[in-house]
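Report on the following structure.
What follows is calculated from the coordinates using simple rules that are stated; it is not laboratory data. Please read all numbers here as calculations on a predicted model, not as lab measurements. Counting neighbours? That spans all protein chains shown, and the Cβs are built from the backbone with ideal geometry, glycine included.
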Amino acid sequence: MNSTIRRLFGGDWLAALVPLVAITVAFVLALIVGAFVLAALGADPAQAYGAMLDGAFGTSTNFLRVLTRGTPLLLVAIGVCIAFRGGVVNIGVEGQLFVGAVSATAFALAFGASLPAWLAPLATLAAGALAGAAWGFVPGILKARFDVNEILSTVMMNEIAVQLLIFLLSGPMIDPEQVAQGTRVPQSARLPQVTWLAELDARSQLHVGVIVAVFMAVVVWVLLWRTTIGYRIRAVGLNKDAARYAGIGVQRYLALALTLSGALAGLAGAVHVTGAEHRMVEGFAVGYGFSGIVVALFGRLHPLGAVPAAFLFGVLLVGADKMQRTVQVPTATVIVLQGLVVIFVVSSDIFVRRWLSRRQARLAQPSVSAVVTPEVQA
Amino acid sequence: MNFGEILVEALTLTLLYATPYLYSALGELFVQRSGVLNLGVEGMMLMGAFTAIFAIAPAGLGAAPLMGVLLAAAVGALMGLAAAVVNVTLQAEQGISGIGFSLFGLGLSSLLFKVLAGGVIVASGFEPIHIPLLSDMPIIGRIFFQQNLMVYAAFALVPISAWVINRTKWGLQIRAVGQNPAAADTMGVNVVRVRYTTLLLGGALAGIAGASLSIALTGIFQENMTEGRGFIAVALVYFGGWSPWRVMLGALLFSIANNLQIWVQILEVQIGGQPIPPNLLIMVPYILTIAVLIFARQRKRLEPAALTKPFQRGEN
């Protein structure tokens, strides 16, 4: 056991523990500030948080629902890990998720029924991942070729994706039944059953996507820490100039990181539509992308750290529905909490950095005293 | 309406809809000139928008419109102060902390909207002010001199900002801190204080921008009613090459893009004999932003050298 820990953390368990403590403190602070906000609005914070916990853990179905909800969050978050580790701040996961889901839907409706049963879900997921990759490639290539600030371009790509989604669902992709009945609710037809992901539990809509997501987290961990491509992506993220000096094509890896990140967000959308929803509706998975970013930050941008983080935020999201129903505190509370988590987590970083550099000074080994700090960038 | 009347109406709306961009982008300009990137503008605008309409609505506090704007500015400044603590004192990564503030503002404004206003709020704020003599001029009078107070103030802010940045001691300090904080520090300029003040100002102006959207333009509040305008404002500062006058041009350009439906009507644009779907028109400002950012690359040399770099005395 001890040797496993040492292998995982390079024998430096304290250096792994301190960030964990910082992040826990950040989360608790966010909950405390959130409690003050709720109290100021006349709601009882204890009651609200209690309803949240009850909503997530009250019954076994609720608990499985947490896993269903956490699945797309995890896929988005591991994509965000790739981008942030590669030095690109991909805020566009929300749009990449929508585009992935809508493309998977279009593919499933067009070709799903004519494919063999083993291939249909796989091909549908691939279509979603490809579309998400394309949606990530655009800001990626713009950053690489024209030095366009990716935060702003990905935010804009989100807004474009939202409009594209409404346009498609109320026009070219609208459910023929909605047209026939004259109701014209903007939603797609139901996906052919052959493209659905296998169900694990009917009431909570839990599907095999949860296994796919955890598997992908491991794949991304291997990619980032055990392959040359991953090494180069991280090198570019740590220090662009040093990476360039080492002969790495920095531009190419910036674009690659955003594209891979988009692929995973697209996969998240495809998994959610083929696993849980089985059709695209207006308002599909709204906020899942942003939640995924929060999950990634909370998991300290580590794909395996994202697994428990996705679970925790699944608890918040499922719990919030219950909270709204039973104590009439709107689900928007979760967005407030997520914003606070982001703010506190990035603010806590300075304490971790200071602790690490003080410790480094104490251990004083001249040859390794050059601490590489992540390049701060816009 | 005939062609001429619609054109006049469209130009009038262009000035009106440029207003939120002007307040938020000019505020962001001060912040960026001091070397800080505030990406929380969106959240600050949303909080300002709700605060203002809740302050003046009969169902809310029933205050005077100007009081609504002041309260929105105060709420924005408070968020700016929080952003200063996080970005300046705690040296957090500015791109990510800003997303946190935007999420926080989105969530809290939606929460307040539901809890305090029950999900519906309407209020008419500023009436158009007819400027004597000038407003009687044909066409020009209608477009330029029958706007409301918030519009006049927004455009007045352009030369004022240019003057403050380029001609005052404080403006010089802001520029020095944004270009070379270490040098400014050795000259006795308090880098931290300058950045705190620009973030307070930027927050207040973002709050006012939100107020102009809710009580001077639309008269309502809706969840996420800014629809990315706060982020567009940040892009406008890049596009404007950190100059207030060029930021104003950008604001007018985006205002036209926002009201594209009217322009399409005037110019009778059609695709294959069909009207263009509205969602495709709504996309245009966002596509335009990306195009503008590609174009703004040539302005990179104007970028404050210390932008997004936290200042730590003795490290540089």
Task: Expected-Rg normalisation [2.2 N^0.38 Å, Cα atoms] applied to region A:78-286 - done: 1.08
Task: Helix-only mean residue ellipticity at 222 nm for chain B, each DSSP H run of n ≥ 4 adding -39500 (n - 2.57), per residue, nearest 500 - done: -21500 deg cm²/dmol
Task: Highest-fluctuation residue, A:Gly132, A:Gly237, A:Gly70 considered, GNM on chain A with Cα pairs under 10 Å - done: A:Gly237
- [ ] For region B:41-84, calculate the relative contact order in percent as a whole number, restricting contacts to Cα pairs under 8 Å that are 6 or more residues apart.
- [x] 40
Task: Relative contact order for region A:78-286, counting Cα pairs under 8 Å that sit 6 or more residues apart, in percent - done: 43
- [ ] Name the most mobile residue of A:Ala202, A:Ala243, A:Ala268, meaning the one with the largest mean-square fluctuation, in a Gaussian network model of chain A with Cα contacts below 10 Å.
- [x] A:Ala202
Task: Selection from B:Thr226, A:Ser60, A:Gln338, by position along the positive dipole direction of the protein assembly as shown (Cβ) - done: A:Gln338
Task: Highest average packing first - B:277-287, A:332-342, Cβ atoms within 10 Å - done: A:332-342, B:277-287
TODO: Would you mind telling me which residue in A:Gly34, A:Gly275, A:Gly262 has the biggest mean-square fluctuation in a Gaussian network model of chain A, where springs connect alpha carbons within a distance under 10 angstrom?
DONE: A:Gly34
- [ ] Calculate, axis by axis, the spread of Cα positions in chain B along the three principal axes, and write the results as whole Å, longest axis first.
- [x] 66, 45, 44
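Going by average Cβ neighbours within 10 Å, how do the peptides B:102-111, B:208-217, A:203-212 rank, with the highest at the top?
Descending mean neighbour count gives B:208-217, B:102-111, A:203-212.
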Open item on the list: What is the ratio of the Cα radius of gyration of the protein assembly as shown to 2.2 N^0.38 Å, with N the residue count, to two decimals?
Closed with: 0.96
- [ ] Would you mind giving the mean number of other chain beta-carbons within 10 Å of the Cβ of each residue in A:30-41, as a whole number?
- [x] 2
- [ ] Report, by chain and number, residues whose modeled amide H sits under 5 Å from the one on B:Gly40, excluding near sequence neighbours (fewer than 5 apart, same chain).
- [x] none
